[in-house]
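The block underneath contains the structure these notes are about, expressed in structure tokens.
The values are calculated or read from the model by the stated rules, or taken from the named source; none is laboratory data. Values in this document were obtained by computation on a predicted structure and should not be read as measured data. Neighbour counts are summed over all protein chains in view; Cβ atoms, including those assigned to glycine, are modelled from backbone coordinates with ideal geometry.
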Amino acid sequence: MRATIFLSTLAVVYAAPAPQMINIGAVEAQKVTTVVPPAAAATDAVVYNAASAASKAAEEITANGLSKRTDCGVHDLCCVQPDGFGLVASPDTVDAFLASPVYSDIAGDAPAPQGYSRPFSNLQASTSAPGYLGLYTLSSYDTIKCQQLCDAESACYGFNIYMERDPSVNPAADLCPNPPSITNFKCTLWGASLTAETATNRGQWREQFQVVIAGSNGYNKLATPPAQDGFKGPTRLGGAIQAPLNSAGQDTYIGMHFFPGVYDPSQCAAACKATTEYNRRHATNGDFKSCAFFNSYVLSENNVAQGTYCSFYTQVWDARYATNYGQHRGDSYYSVSQSYAYTAETRVVSQLP
């Protein structure tokens, strides 16, 4: 049975959910009134039912038919490209695309993800620099999704999101040199901070078709939180820790606590120490669970930071297990950002994991 954390000086602590999904009920119970500032290594055995899957596949094809091939190679002349999700300018020209207020409005209204600053916005050029970590095409101008992709990459320190005027088919001389356009939402990840000076890619020519860019925003991760007395770290994670049972088949997750307000991992450090002391005082035959490791992060509701979420463990888990980037509850999306791990420098000896 899991031990419930009790912190007499730090408020009520909620029982641990299993597995470590975000305990939104506990968060909601702790939320405070919004203030408007004056003029803020385990395996997972999955049972796969092949017969059921085949039946569902047949039903889907019966209802919708087959999808056409859209993965074009560089030598596939006039091959249809995957359709973009963005609005195509009218008329379909480069000048109209660059002059359209739609793209600048989308970039201007996009929220800056929690834990990130925005060094530039609404440029007509994308980042081109050393430290490139990859590109993703999104279904919308989703800064939160792009942030999650960056947080999932340990070497990512910044990302660039923008809209790009692309050809609807692979341009080919004589056959389709200047096809109609589509508008794609692009997200690129970078291994260093971005500045306006890194946004030097203004597009390119593909035969007679001109690729151009609009609504380009850049975002950088904020500074690492401070070290905590008695703990090693912080170690930057992608998402929140989702620890499996350990190699002995034991559950190392003790519980969680949420502190509304400013992001402050020192609260988690204090709670970790207090948990160990409480459990030691209430040991049964000398057995108790000591807090050897904690994960602290900002929990946001619809990209509005709610406070510091702390998860506590009896052993250390590395970034491979930081796989929870957020979850839905009703109409709200709770996202994880600024996730860091701290390890106790001296583990209190107990007979439990």
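Would you mind telling me which numbered condition in (1) assigned to a strand (DSSP E or B); (2) surrounded by fewer than 17 Cβ atoms within 10 Å (Cβ to Cβ); (3) modelled with pLDDT of 95 or more residue 163 fails?
With (1) assigned to a strand (DSSP E or B); (2) surrounded by fewer than 17 Cβ atoms within 10 Å (Cβ to Cβ); (3) modelled with pLDDT of 95 or more applied to residue 163, the lone miss is (2).
Is it true that some residue in region 329-341 is out of contact with any helix residue (DSSP H, G or I) (no Cβ under 8 Å at 6 or more places or on another chain) and β-branched (Val, Ile, Thr)?
Scanning region 329-341, I find no residue that is out of contact with any helix residue (DSSP H, G or I) (no Cβ under 8 Å at 6 or more places or on another chain) and β-branched (Val, Ile, Thr), so the answer is no.
I'm checking my understanding of the structure. Among residues of region 238-257 that are among the hydroxyl-bearing types (Ser, Thr, Tyr) and either under 18 Å from residue 267 (Cα atoms) or buried (at least 18 other Cβ atoms within 10 Å of the Cβ) (or both), which one is nearest to the chain's Cα centre (by Cα)?
Checked region 238-257; the qualifying residue nearest to the chain's Cα centre (by Cα) is 253.
Give region 267-289 a look and list any residue that's at pLDDT below 95 and either among the small types (Gly, Ala, Ser) or assigned to a loop (DSSP other than H, G, I, E, B) (or both), or say none.
Selection gives 282, 283, 285, 286, 288, 289.
Let me confirm something: among 235, 183, which residue is crowded, with 16+ Cβ neighbours inside 10 Å, at pLDDT 95 or above and assigned by TED's automatic domain parsing to the domain that holds residue 266?
Numbers: 183 fails: assigned by TED's automatic domain parsing to the domain that holds residue 266.
Result of the check over 235, 183: 235.
Does region 118-159 hold any residues that are exposed (fewer than 15 other Cβ atoms within 10 Å of the Cβ) and over 24 Å from residue 324 (Cβ atoms), and which are they?
Selection gives 128, 130, 132, 135, 137.
Got at least one residue in region 61-73 being of a type outside the set (S, T, N, Q), outside the structural domain of residue 318 (by TED's automatic domain parsing), at pLDDT below 95 and touching a Lys or Arg at 6+ places or on another chain (Cβ under 9 Å)?
There is no residue in region 61-73 that is of a type outside the set (S, T, N, Q), outside the structural domain of residue 318 (by TED's automatic domain parsing), at pLDDT below 95 and touching a Lys or Arg at 6+ places or on another chain (Cβ under 9 Å).
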